[in-house]
Each structure stands twice: as C-alpha cells, then as structure tokens.
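Everything on this sheet refers to the single structure shown next.
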Amino acid sequence: MMTGRSKKQITVEKTVHLKNAIVKNMSYISSDKPILKEMVEAGEEADYVEMDFSVTKNLLRISEDNGRTWKTTDYAHWEEKRGDRIANRRYPVYHFDTNHAILIEFVTESESWASKEDGSFGPYNRDYLPFRTARIFYRFSTDEGASWGPTRQLIQKGACYNEIHWADGIYYDKNMGTFEGLMRAVQLRDGSLVLPIGLTLLGEDGELIKWPDRFGEEIWAVMGCATLKGRWNEGLSDIEWEISNHVTVPEYMSRSLCEPAVAELDDGKLMMIMRGNATAWQTMPGVKFYCISKDGGRTWGPAVPLTYPNGDFVYSPGSYPNLFCSSKNGKVYMIANILPTPPRQSDPRYPLKIVEIDQTYFWALPETETVIQDREERHSDMIRFSNWQRIEDRETGNPVIFMTESLADSIIPKTEGTVIPDSYRYEIKLPD
C-alpha cells in the first residue's frame, strides 16, 4: 500500500441541470470565453422549449456564462439517403486546439438499411450495417462555431489509404471505427492530437470476427481499441493522421475491448483505459483494462487488468470509463462503476466512483476512491449510473459530469423502482 499521501478528500455536489433530458455532448468551444455547447436528447415530457420533435429530439444548446443560463439554438439531426441505405451522423465530439485557436468537430457516421430495422445492438450478421460502415468525419471552425469549413473524412496519411480503406485494418463496408460518446481527443504537450477509437475486428478471411455473447450465441462482433495520432500540416489546412496497433485481449480475458479513454502522464507516457466485457465464457470477472504507450500513442503495449496496489482487481461491469489528467492538481483520475464484488455482463452499474491512478505503477489508489452516485431506496436493483458527459470547469478546475439515471436493458430481470429522467450536474471537487 502506498503511504504518505494527502488526506484531503474528494467531495461531490449534485444539482439539477435540465429536466427530462439526457446530455449527449458537452464541450467548451472558445479558447478564453466560458462558452459551452451541449447536445441534449429531450425526454417524452420535455416542456422547456417549444420545438417540433417530429424529426428529432436532439437539440443543440449554448451557454455563454459557463453553464449558468442556456439557450436552444437548433436541432441536431443529419441524415442522407443513399440508395437502399440511410447515413446518420449523431453525437458530435468537440475539441478546441488551444495552440492554434481552432475548434474541431468530430462526428461518427454510420449507415442503416432504409427498408428495415437494424436494432440498437446486433444481432451479428452481414446485414447489421453500423458494425461495417461507421467512419469518422471532422471539420474546423475559427470563429467559435459560428461558421465551419468543409466536412472531410478522417483518412490515414499514405498513398494506400482512401475513403474505403481509410486506416490500417479498417475498411468501409467491412468493419467500423468510431469516436463518439464519452471519447475525448487529448492534446499532448508536443501539440499533437490523440483520438482513442473503438473498432470491429476482421479475421484472416476479411470478415468480422464473432465470438459467443452472454447467451452463448454468435451474435456480437468482436471489438478492439486503437488511437489515431494527428499533426497539423504546415498551412494548418488539415491534420495528418496515423493509426496505432490494434489493442485486443484473448477471449478468455474479455469478449471485447471498447470505449477507450487516454491520459498523458507526468513522464510523457500515455495510459489508455478500456471497457472489458465478461460473459459466461470468460475466466475473468468484469474489470477495466489498460495499456501504456511510450511513443505518444503510435504503439501500445499489451492490455492488462486494472488493479489496486495489493493486486486485487478493480471490479467493474461492462460500462464506460473516463480517464483524465486534472489541470488543477496534475493527478490522473478514472471515473467508472467500481464494485465491491466481481460482476459479469454489463450490470450492476452502481455505484459510480472516481479514483486516482498512480502514474508510476498504474494502480487505482483505494484511499482516494469516492462515490459520485449510488443506488437509493427508490431505485430498482438494475438502476444505471453511466453514459455521462464530462468537462473540466474553467472557473474551478474541477471535473463536472452531467448524467441521467436509467435502467438496464428491458430483457434483464429487475426489481421495481422509480427512475427520475432528469439530467443532473455533479461537480467533483478535487484537492489542490
């Protein structure tokens, strides 16, 4: 056990952010002004804005006073008919390049069949288009998002890469690469950008690899993680991209790795945390995995389970993790569902905790583990605290997450309970 560490505690302050809503994206879009942009999914009972929800319930909102007041500016909806397919772009991820005062909007585009329902997940088959068609696009703004340059597909630098074979090991209409949700671009000290991405893996036959899922049927494509490293060209007109090796684990350890997050450590190494997935086929319980890069995200070492200093696993279901370095105190933290006992599958997703990560040994430090939100008496045993959005508040330097509680999939047995469909703001007050 590590000794001699600060005894200052982490505290959490919870307030209502928005009634009947889920925050899907939240970012600062200015270098020096407290301008926040968010995309929210309005709930069934939303009455805070007079807009027509017949097309989409996703709305864009702007705050010019660091989130104290908000105004709705537009719908967030883009789709395009392409023969027997429909392309959709949802949930943009913003990054403000402070070195060049350029706002970058990343968005993942995927296709679905126009004539039938693909389903929100699986089943695995050649007709499930999102697993085969998701690609990353981006565009630039130099006026805080008031206007934008052309949208372009992210394509790895090199003569052999194009709109179809857009990165090493990734081919449009064969497998996907995604950068969305909680994923965040990291700007390294040398000015380069690192994007952690999830991808579906191809076998030697060029088809998606498939492994048994939680029910023992072959319906899930296997996922891995990688990073895209970007550097501006000389004229600042575009970013030149290269992809790392694909990070995977054997089937006995986890059915997939996905939803990665990256942080730059004190000594310049990069650490990537990834969601694991333990089904009945895995010998290991549910944990988060991590790997280390010593060359700025060009290559990654093997993925291994996250542990405490005594060697115990940090138990966690299949759910999103956050990893970040605080500008307030220089420490690295993970936000995740951390459980006292070994889980399988994707639940339970409570409690939600924050914990400091040791930057030398890559351990989770148990004395820093702090509950952000836990199950209450009114909740079902399958309540979920996950899929939040995080910013670092520019006034306080504290991480702030925006989260709406939810229930596990309808097919999962659960007890009765009450769900409040409001988005809450959790300010996590870190020590200096």
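Coordinate-derived values only; no laboratory data. None of the values given here were measured: they were computed from a predicted structure. Here Cβ is always computed from backbone atoms with ideal geometry, including for glycine, and neighbour counts include all displayed protein chains.
Here are some notes:
- Label point distance in nm, Thr151-Ile411, each placed 7 Å from Cα along Cα→Cβ: 3.2 nm
- Distance (nanometres) between label positions extended 7 Å along Cα→Cβ at Tyr308 and Val12: 1.8 nm
- Separation of alpha-carbon centers, region 233-251 and region 266-281, rounded to whole Å: 18 Å
- Mean-square fluctuations from a GNM of the chain, with a 10 angstrom spring cutoff on Cα atoms, peak among Ile197, Ile420, Ile401 at Ile420.
- Here the Karplus curve 6.51 cos²θ - 1.76 cosθ + 1.60, taken at θ = phi - 60°, turns the phi angles of region 347-363 into couplings of 9, x, 9, 7, x, 9, 9, 10, 8, 7, 9, 5, 7, 9, 10, 6, 8 Hz, with x standing for Gly and Pro.
- Relative contact order for the chain: 13 percent, from Cα pairs under 8 Å spaced at least 6 residues apart, divided by residue count.
- Electrostatic bookkeeping for Asn66 treats Lys and Arg as +1 and Asp and Glu as -1; over the other residues with beta carbon under 11 Å from its beta carbon, the sum is -1.
- In this Cβ point-charge picture (+1 for Lys and Arg, -1 for Asp and Glu), region 350-432 has a dipole of about 260 debye about its Cα centre.
- Solution diffusion estimate, µm²/s, Stokes-Einstein, region 346-415, Kirkwood Rh from C-alpha pairs, 10 °C, viscosity 1.306 mPa s: 113 µm²/s
- Among the listed pairs Lys37/Lys429; Lys81/Lys174; Lys210/Lys294; Lys24/Lys210, a Cα-Cα separation exceeding 24 Å is found for Lys210/Lys294; Lys24/Lys210.
- Centre separation in Å (Cα based) which lies between region 92-108 and region 177-203: 13 Å
- Cα gyration tensor shape for region 284-432, rounded if a/c is under 1.5, else prolate or oblate: oblate
- Potential lengthening of the chain between Asp190 and Lys71 amounts to 39.2 nm, from the contour at 0.36 nm per residue minus the alpha-carbon distance.
- Considering only Pro196, Pro130, Pro413, the mean-square fluctuation computed in a Gaussian network model of the chain, springs between alpha carbons under 10 angstrom, is largest for Pro413.
- Across region 221-349, the mean sequence separation of Cα contacts (distance under 8 Å, 6 or more residues apart), normalised by length, yields a relative contact order of 21 percent.
- Net charge, Glu79 excluded, C-beta distance under 12 Å - Lys, Arg +1, Asp, Glu -1: +2
- Estimated purely from DSSP H runs of n ≥ 4, each contributing -39500 (n - 2.57), the mean residue ellipticity at 222 nm for the chain is 0 deg cm²/dmol once divided by its residues.
- Region 344-373 versus region 133-176: alpha-carbon centroid distance in Å: 34 Å
- Across region 412-418, computed HN-Hα scalar couplings (Karplus, 6.51 cos²θ - 1.76 cosθ + 1.60, θ = phi - 60°) run 8, x, 7, 7, 5, x, 10 Hz from first to last residue, x flagging Gly and Pro.
- Residues Tyr350, Tyr171 arranged by fewest to most Cβ contacts within 10 Å: Tyr171, Tyr350
- Isotropically averaged projected area of the chain, using the convex hull of Cα atoms (one quarter of hull area), nm²: 21.0 nm²
- Highest-fluctuation residue, Cys160, Cys291, Cys325 considered, GNM on the chain with Cα pairs under 10 Å: Cys160
- Region 78-246 - convex hull of alpha carbons, volume per residue in Å³: 136 Å³
- In this simple spin-label model, placing a label point 7 Å from the Cα along the Cα-to-Cβ direction at both His165 and Val371 gives a separation of 5.4 nm.
- Region 395-425: GluC sites (Glu not before Pro) in DSSP loop, at most 10 other beta carbons within 10 Å: Glu395, Glu416
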